[in-house]
Amino acid sequence: MQSPTQASLLKVDDITMAFGGIVAVDKLSLTVKAGEILALMGPNGAGKTTTFHVIAGVHMPNSGTITFDGQDITRLRPDGRCRAGIGRTFQITQPFAELTVVENVMVGALPHHRTMAEARAEARRYVDMVGLGGRADVLAKGLSTGQRKRLEMARAMATRPKLLLLDEVTGGVDMKSLPGIIELVKKLRDEGLTLIIIEHNMKAITELADRAIFMNRGVRMAEGTPAEIASHPEVIELYLGEGDAHA
């Protein structure tokens with residue numbers, strides 16, 4: 001792991017996101033430095049994915065501010081945030097099933113190019129980067145879960161993000177494929193990306209994250225290195241004690 005030394009790329013200040021009477025994220029603050037990997041941890045319903053939605057602009061917070069790369073983006077739409085340099089993947093992969101792998105990635109690349117040929121060339125580079133070069137011309141509906149996760153990352157990379165939000169990138173991936181996914185995330189960071197990952201797998205968190213934030217019911221309960229979080233009494237009680245699902 002590298003030690004981030006640059007200024008904060010993302011700053012979330014006192015964000016609250018409520019749906020009717022249900023508070024999904026409650027006065028959450030966090031910062032992410034350029035070049036860092038931050039993990040968001042917590043049980044189901046902790047507010048992790050809602051936090052991603054707020055950062056990506058899917059939901060506008062009820063209160064608080066979000067600053068990205070020195071710009072207040074609190075009220076910026078998702079497409080504006082994408083252009084500013086925020087990319088994301090989703091817990092449940094949603095490829096264009098009837099398009100090929102490379103065509104899916106071209107969707108992310110097209111806004112940056114004047115011709116289809118240029119977009120295809122860049123898409124091919126990202127397809128190769130994530131290890132799907134041999135499947136480039138296969139329809140996305142024919143991919144395995146692990147391959148769809150890789151496709152999601154390639155498509156997000158094609159938007160040329162500075163910050164990449166990875167939502168349970170190891171979810172549904174078999175143990176044989178897990179090391180390859182972990183190495184791929186490291187490769188993305190080596191490309192110069194800053195990452196926030198939502199992750200349940202402690203092996204992945206320990207190998208990837210510089211810091212981790214533990215959330216429960218929308219509230220940040222603990223922050224520290226993965227080792228510090230893993231030994232935190234409340235984390236053990238609420239999360240790590242739940243069984244093999246979070247091992």
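Any read-out appearing in this document is the output of simple, stated calculations on the displayed coordinates, not a laboratory observation. Fair warning: this is a prediction, and the values are worked out from it, not measured in the lab. Cβ: placed from backbone, ideal geometry, glycine included. Neighbour counts: every protein chain shown.
For trypsin sites (Lys or Arg not before Pro), the sites in the range 1-85 that DSSP calls loop and that have at most 13 other Cβ atoms within 10 Å are 75. The lysine pair tally for the chain, using Cα distances under 22 Å and a gap of 8 or more places or different chains, is 27.
With bins 5 Å wide beginning at 0, the percent of Cα pairs of the range 1-133 falling in each bin runs 2, 9, 15, 17, 17, 16, 13, 8, 3, 0. Taken along its principal axes, the alpha carbon cloud of the range 114-166 reaches lengths of 31, 26, 16 Å, longest axis first. For a quick check of your reading of the filter: which trypsin sites (Lys or Arg not before Pro) in the range 132-234 sit in a DSSP loop and have no more than 14 other Cβ atoms within 10 Å? Those satisfying the criteria are 176. Here the chain carries DSSP beta bridges of which approximately 55% are antiparallel, counting only pairs with both residues inside.
In this rough spin-label picture, where each label sits 7 Å from Cα along the Cβ direction, the residue 65-residue 44 distance is 3.8 nm. A simple count of charges around residue 205, restricted to other residues whose Cβ falls under 11 Å of its Cβ and scoring Lys, Arg +1 and Asp, Glu -1, yields -1. With 10 Å bins beginning at zero, the pair-distance distribution over Cα atoms of the range 114-222 amounts to 13, 44, 31, 10, 3 %. Rounded to two decimals, the Cα-based Rg/Rh of the range 8-246, with Kirkwood Rh, is 0.97. Pairs of Cα atoms under 8 Å, at least six residues apart: use those to get the relative contact order of the range 8-246, whole percent. Relative contact order of the range 8-246: 25 percent. Counting neighbouring beta carbons within 10 Å and listing from fewest to most, the residues 153, 175, 116, 202 come out as 175, 116, 202, 153. If you plug the beta carbon distance of residue 16 and residue 231 into 1/(1 + (r/R0)^6) with R0 = 35 Å, you get a FRET efficiency near 0.75. The modelled label-to-label distance between residue 115 and residue 219, using points 7 Å beyond Cα along the C-beta direction, is 5.9 nm.
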